[in-house]
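Down below is the structure, laid out as structure tokens.
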Amino acid sequence: MGSTAVSQPASPGKGGGSKRSNSAIIVTALALFSMFFGAGNLIFPPMLAVEAGDNFWPALIGFLLTASLLPVLAVIAIALSGSNLRDLAQRAGTAFGVVFPVMAYLSIGAFYALPRTGAVSFETAVTPLFGLDSFGASAIFNVLFFGIALVLSWNPTTIMEKLGKFLTPALLVLLVAMISVAAFRWTAEPATPNAPYDDGPLTAGLLEGYLTMDSIAALAFSIVVISTLRHRGFNEGKELVGGTIAAGVGAGIMLGLVYVGLGLIGRVMPGAANFDNGAGLLAEAANLTMGGAGQAVFSAIVLLACLTTAVGLITATAEYFSEQFPGAYHVWAVIFAVASMIMATQGLEFVMTIAAPVIGFLYPPAITLIALTLIEPAFRARTRFSWAFFVPLWVSVVWSAIETLISLEWGADALTPIVQWAPMFEDGLGWVAPVVVAFLIGLIIDFARPKPAMIPGTMESVEGEDLSAEGDAVPVLQAKD
């Protein structure tokens, strides 16, 4: 995940309106890509290539499904629903509507993505350039890194837009150069896949794609896309929905292309198997392809890209928590910056270890929420999801909680028999079949319910139920900015 680029209002106007609309979509897609893509996203594809060996392509396809396609589907889901994450989650009940968004923002904030910016900066930008890799050096760097990020987040101005607009394209240009040189200079050698890529590489890649966190981030950040296009003159309804979807697809394509290129570096680079994380691997690749100067430029861009990402994440999470809970924005900003600094000082591997259970727990309900939102329009002529939303979402939550506890070996002997019967349990996808069954049960209940009568001239039923998702028209986006 990267930083947020703020767009200025513009109107399509007459004559050339289509060109302006297309330009707005392209700019918005680039902005969305920058929100998704931070330096942390660099580290997964190269190591996937190393671990997958000769199973590189099926593993990469699995990775792209959750790291590129799923974020696009999340953007489409928000666009079609016309809701933000909090309002969408409320449909599964108050408890889910409060807890899930909080956990989602924490996972893209202090639990994972924020400390990852510091850890990746140190291991990718500082260690290769200056040879510093001690705990003390990491501590000093992260105090400075998150201190600067906190200062920039204290009163965000146009620096966010400038950094997001120029640094991400600069990083992409450098990556394209490095990928191109690597592709022409090196040739992939046959390699034996390591577990779990030796058996079921597609599923292993799919689960690895979870760690980018972009699907959950898409649920939280998609409203920025909607607001940007609305301010650029897109009309409410089909035009705004279509523009949002186009921007999401464009960002997803860029993500996919970058991931393929990064994966190819890990596949062809000599000695890639000697590295235990993608940060060090890419730093060495920059050195081998462009020499010392290339390493210096690469380190500087990664450092600034991580800093931009950190500023954006501190701002986003602090704003959300200050709106939802007691405490001023500045208090929450300090809390998140300090917590992230402490975690980042422990190193990238520590951050990944802490984050994995949280990510593993959040993804089943997140994917379920996305899927239900995308499926619902096909049924809107017959019914509006109520139980078909509530039941599968809570099944995904309970099932995911049980599997997370098992993965942590907390009561595994007692809990495993409850869930191990499910198809794909060994692959970490045992929740899928129970959620599908729960959806069908909820759908039957919704079909059996009498359809509430509407109050004339409104989109509410006589019982007070919001029926705005019903009818044949594309829903009008009126979500909160």
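Direction-averaged projected area, Cα convex hull, region 242-324: 8.0 nm², rounded to one decimal.
If you sort 398, 151 by accessible surface, 1.4 Å probe, largest first, the order is 151, 398. For region 369-453, the relative contact order works out to 41 percent when only alpha carbon pairs closer than 8 Å and six or more residues apart are counted.
Take every Cα pair under 8 Å whose residues are at least 6 apart in sequence, average their separation, divide by the length of the chain, and the relative contact order is 29 percent. For the chain, the dipole from Cβ point charges (+1 on Lys and Arg, -1 on Asp and Glu) about the Cα centre works out to 1620 debye, to the nearest 20. Of the complete DSSP H runs in the chain, those spanning 18 angstrom or more by Cα along the long axis with a mean Kyte-Doolittle score not below 0.5 are 17-36, 94-107, 135-154, 159-185, 214-231, 238-268, 278-324, 329-345, 348-375, 387-407, 432-448. Computed with a 1.4 Å probe over protein heavy atoms only, the accessible area of residue 141 comes to about 30 Å². Solvent-accessible surface of protein heavy atoms, probed at 1.4 angstrom with all chains present, puts 421, 387, 394, 186 in the order 421, 387, 394, 186, largest first. Measuring how big region 165-253 is from its alpha-carbon positions, Rg and Dmax come out at 19.0, 54 Å. The share of accessible area on the chain that comes from carbon and sulfur is 68 percent, using a 1.4 angstrom probe. Residue 408 contributes about 60 Å² of solvent-accessible surface, heavy atoms of the protein only, 1.4 Å probe. Between the residues 99, 48, 192, the greatest Cα displacement towards the positive end of the dipole of region 20-353, with unit charges on the Cβ of Lys, Arg, Asp and Glu, is found for 99.
For a distance above 36 Å, tell me the whole-number percent of Cα pairs in the chain that qualify. The proportion of pairs with Cα distances above 36 Å equals 30 percent. The residues of region 228-267 have, on average, 34 Å² of accessible surface per residue, using a 1.4 Å probe with all protein chains present. Size estimate for region 44-158 follows the Kirkwood approach: the inverse of mean 1/r over distinct Cα pairs works out to 17.8 Å. Would you please classify the overall shape of region 312-462 from the alpha carbon gyration tensor, given that a ≥ b ≥ c denote the square roots of the eigenvalues, rounded means a/c under 1.5, and beyond that prolate means a/b larger than b/c while oblate covers the rest? Taking the square roots of the gyration eigenvalues as a ≥ b ≥ c, region 312-462 is oblate.
When 116, 382 are compared by accessible area of protein heavy atoms, the largest-first order is 382, 116, using a 1.4 Å probe.
The values are calculated or read from the model by the stated rules, or taken from the named source; none is laboratory data. Quick caveat, the model's predicted, so the values are computed rather than measured. Positions of Cβ are backbone-derived with ideal geometry, glycine not excepted, and every protein chain shown enters the neighbour counts. Side chains are part of the model used for accessible areas, which takes the heavy atoms of the whole protein and leaves out ligands, DNA and RNA. Shrake-Rupley method; radii C 1.70, N 1.55, O 1.52, S 1.80 Å.
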